[in-house]
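The values are calculated or read from the model by the stated rules, or taken from the named source; none is laboratory data. Since the model is a prediction, treat every value here as computed from it, not as a measurement. Virtual Cβ from ideal backbone geometry, glycine too; neighbours counted across all protein chains shown. These area figures cover heavy atoms from the full protein model, side chains too; ligands, DNA and RNA do not enter into them. Shrake-Rupley method; radii C 1.70, N 1.55, O 1.52, S 1.80 Å.
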Amino acid sequence: MATSNNIEPAAELSFAVRGLHCASCVNTLEKKLMDNPAITTAIVNLASETGFVRYNPEQADPADIFSIVHAAGYTPVELRSAESAGDEELRSQRNWFLFSLLASLPIMFSMGMHSNRAAMQLNLLLATAVQFSAGLLFYRGAWSALKNRTANMDVLVALGTSAAYFYSLLAYLGLLGPHREAFFETSAMLIAFIRLGKYLEARARGKAGEALKKLLHLQADKARIVTEEGEKEVPASVVRVGDIVLVRAGETIPVDGEVVEGGGTVDESMVTGESLPASKRVGDTVTGATISKNGVMRIRATRIGEATLLAQIVKMVREAQGDKAPIQRFADTVSAWFVPIVLLLAVATFSIWFYILSSDFLTAFRFAIAVVVIACPCAMGLATPTAIMVGSGIALRRGILVKKGSALENVSRIQVLLLDKTGTLTKGMAEMTDLVPVARTVDPGKLLECLATAEAHSTHPLAQAALAAAKEAGILPGEASDFEERGGFGITCSFGGFRLAVGNERLMDEMGIALAPLAKKVNELTRAGKSLVYVAAGNALVGVAAFADTLKPGSAAAVSALKQMGIKTCMITGDHSDVAAIVARQVGVDTFEAEVLPGRKQSVVKEYQGRGLITGMVGDGINDAPALAQAEVGIAIGGGTDVAKETGDIVLIRDDLLDVLRAIRIGRATLSKIKQNLFWAMLYNILGIPVAAGVLSGYGITLKPEYAGLAMAFSSVSVVLNSIMLKRIEKQL
């Protein structure tokens, strides 16, 4: 990744790039883009064949950026048309491979017929056709690289095939003296095998990026708009904010919106990763590209086009797959020196065999060609981005949105995880946990009815929690009169022939109501950090209700699992220390810090980082924004439909803390796969180049140039396939 230290303007451009062949191509294009002073960031991804540029819109525009890409020898393509262009590219790769293979087979079958003039003429014609049609791609790439004063894989292939072809041509014409052998099969089969590798690599890369392709296919093409004249089916692209859309069972919801009539269940698995359908009724929000399972709904469009959740997710996934993990810097550094070193090794190979070992020219020449063509900078260039593509795709299917590819590596290294309390460990809203009648003679159902009746017209969070508890118990509020709500005290009203008083201790004191009958229970509830609401009828206390922000179902299990993974956990909250201590004990964190302001949360992150610890922060993504931004990995939990507003590098759409564990496991598996890819890519070249140079020829082990080319092609394919095997971790999540 190339970046500058300038203040980065907001304008960004993502685009597809055609013509990238190896890590050297990536480095070349990034350098060319960064040479323009208007561009502050340039990221080119070999696996997804995309580019991302951040630039100053006052100094450049997309057309200028595309011109730079063209001048560097590559073809920029708008992302909207990139998918169809990618399918066309795949077909082209397949067709060129088939052509070069069919043209090469007769040459292979006529090996050993060098004295047959007709056979050699046919070989010359077929080899020439392959060299300057299927092989033309490598000449173009090599020319672009040399113009930019760099060397890439195309330079190696062009040199190797040209050396074999032109030597054979000169030998055929008799210009190298009598009895010189022409080996046209080497250049022709070499091109055929490399074309095969290109085709298989393109297919495998398509599978690595299939999560994004599936997202792109989810959007509905049609929508049924409800107008004064009736229903009208239109393209989804013409729906505007405020339009009413009718959706029946089995149909895809075309826009983000709000249910204004009807209801049903909706399959939201593409957004949340949750397999069970979600129930929707009037007032609930729905997401475009989700599927109505039953019922009929009228939906008011609230977000369309690029503003929809699906469009936001697609954009973020593209950016994440384009981002470079820190480990990629190693591969980039090696790739920059790779081709020149290979060319020097080829010259050294020829010189040693020809001058020192006194081998014949043809043997030395073939060993040198084999060294040139077996070397593979592609495998190293693909090692990191393909693994990140697959890893981020697995995460996406589990409702985990990775906004930066580097976050997958960073999350795997976390040593300390800071956890916000409210909305992260706890549900973020009060729930009634206890309802205690003053005596056995008091009916709990009647007590709850009195509580709900008094709270029915209040908007206080505890009142809403009381009403929710009554609704769950099947109890409806009664009709009260003389309703009066006093801030800081509570509510009084008349119901069932009694004057009800529902509120805190101050209200009870003011009304002269004795609390002694429940003093022991009240003490227990207070020590547990719960908020209390007393209920009195007339002049007597009839009961007390306790409320608390309860733990989410998976919080304690998630914290326990994090500790088992060797990660230290720390809860930070703005709540009172007594309440924080209770929650910390319940959830099982290693330590906690209470009465913390948002700015202090950021300082806590810095303090852990100052100790040399890799720190992650889990919060709600809004009031925890400074801490999320400061941490090596910011994890925003409960992104919902506002994922674009979240500060975190990773967004957990399902609001489930257990997804933090899944994100860490995916990150660790992805980093492990990257290391495997880099190891095998390095080992391939370390072992392959000496074999191609003839080091083992004394043991009868040699490698013809064409088979060296085949080995080179399959090394890239093997790296991509190894990355795809990362999908096996999905079953363990």
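Please compute the contact order of the chain in relative form: average sequence separation of alpha-carbon pairs under 8 Å and at least six residues apart, divided by the residue count, as a percent.
Once normalised by length, the contact order is 14 percent.
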Task: Alpha carbon Rg of segment 554-627, scaled by the compact-globule rule 2.2 N^0.38 Å - done: 1.08
Open item on the list: Of Leu122, Phe66, Thr50, which is farthest towards the positive pole of the chain's charge dipole, taken about the Cα centre with +1 and -1 on the beta-carbons of Lys, Arg and Asp, Glu respectively?
Closed with: Leu122
Task: 36 Å tail of the calculated P(r), the chain, as % of Cα pairs - done: 57
Open item on the list: Let's see if you can work this out: charge +1 on each Lys and Arg Cβ, -1 on each Asp and Glu Cβ, no other charges. What is the dipole magnitude of segment 426-486 about its Cα centre, in debye to the nearest 20?
Closed with: 200
Open item on the list: From the protein chains alone at 1.4 Å, what is the descending order of accessible area for Trp337, Trp96, Trp353, Trp680, largest first?
Closed with: Trp337, Trp680, Trp96, Trp353
Open item on the list: Within the chain, which is the longest segment that contains none of the trypsin sites (Lys or Arg not before Pro) sitting in a DSSP loop with at most 13 other Cβ atoms within 10 Å?
Closed with: 441-610
TODO: From zero up to wherever the largest Cα-Cα distance of segment 114-162 sits, split into 5 Å bins and tell me the percent of pairs in each.
DONE: 5, 22, 22, 16, 12, 10, 7, 5, 2
TODO: With the Cα gyration tensor of segment 277-409 in hand, give its eigenvalues times 5 under a square root as the equivalent ellipsoid semi-axes, listed largest first in whole angstrom.
DONE: 57, 14, 11
- [ ] At 24 Å minimum axial length over the Cα atoms and a Kyte-Doolittle cut of 1.0, report the qualifying DSSP H helices in the chain, or say none.
- [x] 153-172, 328-351, 377-397, 705-724
- [ ] Just check segment 487-565 against the gyration tensor rule for me: Cα atoms, a ≥ b ≥ c as the square roots of the eigenvalues, rounded for a/c under 1.5, and otherwise prolate or oblate depending on whether a/b exceeds b/c.
- [x] prolate
Task: Cross-link partners of Lys471 among lysines (Cα-Cα below 16 Å; sequence separation of 8 or more within a chain) - done: Lys446
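About the Cα centre of the chain, what is the dipole size in debye to 20, counting +1 per Lys and Arg Cβ and -1 per Asp and Glu Cβ, all else neutral?
Value, rounded to 20: 2580 debye.
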Task: Ser697, Ser100, reordered so the largest accessible area comes first (probe 1.4 Å) - done: Ser697, Ser100
- [ ] Would you kindly calculate the mean projected area, averaged across all directions, of the convex hull enclosing the Cα atoms of segment 367-409, in square nanometres?
- [x] 3.6
Open item on the list: Using protein chains only and a probe of 1.4 angstrom, how many square angstrom of Phe489 are accessible, to the nearest 10?
Closed with: 60
Open item on the list: About the Cα centre, and with charges only on the beta carbon of Lys, Arg (+1) and Asp, Glu (-1), how big is the dipole of segment 371-476? Nearest 20 debye, please.
Closed with: 480
TODO: Please work out the C-alpha center-to-center distance from segment 521-585 to segment 13-60 and express it in whole Å.
DONE: 52
Open item on the list: Below 18 Å, Cα to Cα, which aspartates and glutamates can Lys601 reach? Residues fewer than 8 away in the same chain don't count.
Closed with: Asp420, Asp575, Asp590, Glu593, Asp620, Asp624, Glu632, Glu646, Asp649
- [ ] Determine which aspartates and glutamates satisfy two conditions relative to Lys704: a Cα distance under 19 Å, and not lying fewer than 8 residues away in the same chain.
- [x] Glu181, Glu185, Asp360
Task: Cα gyration tensor shape for segment 470-532, rounded if a/c is under 1.5, else prolate or oblate - done: oblate
